[in-house]
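Here the structure is laid out as structure tokens; the discussion comes afterwards.
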Amino acid sequence: MKTALLPDGLIRTLTGQALAFLVALSLGAVIILLIDENPVTVFTTLMRGAFGDAEKIAGTLLQTTPILICGIAACIGLRGGMFNVGIEGQLFLGGFAAAWVGFAFALPPVLHVLVAIGCAVLAGAAWVAIPAFFRVRYGTNEVVSTILANYIATLLTSYFTIFLFKRPGGWSETPPILPTAYLPELFSFSRLNIGLLIGLFLAIATAAFFRWASTGYAVTMVGSAPKFAEYGGINVRKVGFGVLLASGAVGGLAGGIETLGVHHRFMEGFAPGFGFDGLIAALLANGSPIGTIITALFFGALRAGSLLLEVDTTASREIITVIQALIILAVSADLMMRRRGDRTGERRWKF
Amino acid sequence: MEVLSTIFNVALIVATIRTTAPILLVALGGSFTTKAGIFNIGLEGQMLIAAFFAVLGSIWTGSSLGGLVIGVAAALVFALVFAVLVISFRANEVVVGLALNILAGGMTVSLMKAIFGTRGSIVGRGIVGLPKVHIPGARDLLGPYAQLISGYTPLIYVAFIAVPLLVLIYGRTRLGLYIRVVGEKPEAAEALGISIVKVRYIAALLCGLLAGLAGAHMSLGYITMFTENMSSGRGFMAVAILIFSGGDPWRVLAGCLLFGFADSLSLRLQTFGFPSYLVLAVPYAVALTALFALSWKARPKFIRETIETMQRALSIHPAKTETPDAPSNRS
């Protein structure tokens, strides 16, 4: 917290990040050459697909929304020393819960949205509750338990969708939600909806919470110096549990917004990889919610651009996953190469 | 009862052995890194990339051995990247591992599209699977039970032989001792003049070797094909096993047999008309339950305390009887 506010540390972090970006992009270029494509064409196509015109920019923002909200979920976890890799699963359950409220109940307009979102949040928090309990009570590694929970969540929602709530005669998807549960759209030409604003508000609120609230400070301390926090009279277990629950709740919210705002129904594989993208965005921003806005926008642009990439070139859209992974690897290596003593003292992402 | 006897029979044991092998190989690989004190969540990616390159290699070279070698080489490259970043650059293990998993997923799909022009899966196209080993005389000796020990692909034998081999390595060789020291007490290793970096590199590469074999077995063993994300969480299950087994080879074997059984049982149940999505979730649920139930630290406090007091009572008791004896003998 303290080092992040010092300009010296910030400059060093930013130059390090920029250098890592360059290394990752050049490695990505090598891989693009390997698959017989021109890196310049690929990158310009990506940019064109992301920012070509107003519609494309809206598309980018549409992709950014779930990544941003999932990124905030990851940020909350990272700050409290918890690696919530299960955001993907929470997203799926949240999405399903919102869709279920959306098509199964008839409620007045605004209330319907609120109830659906509330259920999504609850579903996300409930899904992380068991791993969270074992993490704080018995120290069971939360990375592995939440990853395994992801697989179960995906299969479970598929089961719900196909065996219990399948739309008659349709694809593997639920009936569409009632129009009363739709999230308001921002523009007429895009499905971009109020979810983006919710995400931005959430990012600022989370940042303010960690910056000014004493509970936020307690969470940061539990994450970075648990012994100090315990000595200061904080119930480390309780805070850790709360952090994971909050993280899961936001993950569920992301799913709810995706369902109510974009698809208006739940379908198998409705939001592939958004949870992981959010986690990567949060890692790249080093756990800062405001920074996550920028990194989420970047990843959203990559995703939106990859759609055009698949149309205009022979390259697969998964090439952006490769670029994302390379960036994370380059950043994790901390290429600024600080002195050894420096490193042992404060290791990057030693959450 | 009839249903039970059709589910539980020799074929189920054979299926269990088959499904156990890949997860056993990858978990034994992870045992090296676990013992050396590295938390390796990147097993999944190493397996996946090996599975892809094994298929690719077998098409290029026209032989299953060539595929195996190229697959293992790809896993070794991933293991090396993991080692360089985690050991030399001291990056966060979880971040690097997850990023490598994502990289493996993206790379296999991109390369598949670039080389074969398809998405989803590679089938046929001259993939050569691993041959089956028939032990001579097994059929004469055991009759219908011969399939329990004969007719598997070679990597299954490798997997099960590797278990006692690893026990020997950890217990009887210098390398095994070094790996354990580096993992348990790095300070002591440093004081003894053991190069922590070198030992951890060796452990990470040995892990890559076994994970590569596991991946090659997935795509060249019983099914000769590659599908998108075909490792489907096996690597993560292996990590779960490693957490509650602490990397001990026999316990790893026990854990892997449990998952192999859950896996083959779930395949079996699918044919009985249970909803496939729920049945497919069974292995993950078993892994998760086992992780929660068996995690070393997860033992309830009262059991831990009982064991501790019993140990104390047992260790103090003989000491008490010895002390009065000793002076009387001397006098």
**Message:** Name the residue that is nearest to the other protein chains (Cβ to nearest Cβ), counting only residues in the stretch B:108-122 that are surrounded by 23 or more Cβ atoms within 10 Å (Cβ to Cβ) and at pLDDT below 90.
**Reply:** B:110
**Complete:** Counted residues in the stretch A:250-266 being surrounded by 24 or more Cβ atoms within 10 Å (Cβ to Cβ) and within 21 Å of residue A:111 (Cβ to Cβ) come to 10
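Specify which of the listed residues (A:237, A:347) is within 12 Å of chain B (Cβ to nearest Cβ) and modelled with pLDDT under 90.
On the way: A:237 fails: within 12 Å of chain B (Cβ to nearest Cβ).
None of the other options fit; the residue is A:347.
Among the residues of the stretch B:45-103, which ones are of a type in the set (S, T, N, Q), away from chain A (no Cβ under 13 Å) and in a helix (DSSP H, G or I)? First the steps, then the outcome.
Here is the first cut: in the stretch B:45-103, the residues of a type in the set (S, T, N, Q) are B:46, B:58, B:61, B:63-64, B:88, B:92, B:101.
Cutting the leftovers down to away from chain A (no Cβ under 13 Å) gives us B:46, B:58, B:61, B:63-64.
Once the filter is applied, which keeps residues that are of a type in the set (S, T, N, Q), away from chain A (no Cβ under 13 Å) and in a helix (DSSP H, G or I), the stretch B:45-103 yields B:46, B:58, B:61, B:64.
For the structure I just gave you, tell me whether residue A:76 is more than 14 Å from every other protein chain (Cβ to nearest Cβ), under 30 Å from residue A:139 (Cα atoms) and at pLDDT 85 or above.
Numbers: more than 14 Å from every other protein chain (Cβ to nearest Cβ): yes; under 30 Å from residue A:139 (Cα atoms): yes; at pLDDT 85 or above: yes.
Considered against the rule, which asks whether it is more than 14 Å from every other protein chain (Cβ to nearest Cβ), under 30 Å from residue A:139 (Cα atoms) and at pLDDT 85 or above, residue A:76 comes out as yes.
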**Message:** Criterion first (buried (at least 24 other Cβ atoms within 10 Å of the Cβ), outside any helix (DSSP H, G or I) and within 13 Å of another protein chain (Cβ to nearest Cβ)) does residue A:140 satisfy it?
**Reply:** yes
**Prompt:** Are any residues in the stretch A:227-238 surrounded by fewer than 17 Cβ atoms within 10 Å (Cβ to Cβ) and either in a helix (DSSP H, G or I) or under 25 Å from the mean Cα position of the chain (by Cα) (or both), and if so, which ones?
**Reply:** A:227, A:228, A:230, A:231, A:237, A:238
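Return yes when residue B:104 is crowded, with 21+ Cβ neighbours inside 10 Å and out of contact with any His (no Cβ under 8 Å at 6 or more places or on another chain) and no when it is not.
Values: crowded, with 21+ Cβ neighbours inside 10 Å: yes; out of contact with any His (no Cβ under 8 Å at 6 or more places or on another chain): yes.
Yes.
Can you name the helices (runs of 4 or more DSSP H) wholly within the stretch A:271-332 that have at least 3 residues being free of Cβ contacts under 8 Å to residues at least 40 places away in the same chain? Steps first, answer last, please.
On the way: elements: A:274-284, A:289-312, A:319-332.
In the stretch A:271-332, the matching helices (runs of 4 or more DSSP H) lie at A:289-312.
Is it the case that residue A:125 is under 30 Å from residue B:294 (Cα atoms) and modelled with pLDDT of 85 or more? I'd like the intermediate steps shown before the answer.
Details: under 30 Å from residue B:294 (Cα atoms): yes; modelled with pLDDT of 85 or more: yes.
Yes; evaluated as a whole, the condition is true for this residue.
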**Request:** From A:201, A:163, grab the single residue that is within 19 Å of the chain's Cα centre (by Cα) and of a type outside the set (Ser, Thr, Tyr).
**Result:** A:201
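Quick one: how many residues across the stretch A:37-76 are in contact with a Lys or Arg (Cβ under 7 Å, 6 or more places away or on another chain) and farther than 30 Å from residue B:115 by Cβ? Please lay out each step first, then the result.
Within the stretch A:37-76, the subset in contact with a Lys or Arg (Cβ under 7 Å, 6 or more places away or on another chain) is A:49-50, A:62-63.
Cutting the leftovers down to farther than 30 Å from residue B:115 by Cβ gives us A:62.
Number of matching residues: 1.
The values are calculated or read from the model by the stated rules, or taken from the named source; none is laboratory data. Every value quoted in this text rests on a predicted model; they were computed, and no experiment measured them. A quick note on method: Cβ atoms are made from the backbone with ideal geometry, for glycine too, and the neighbour counts reach across all protein chains shown.
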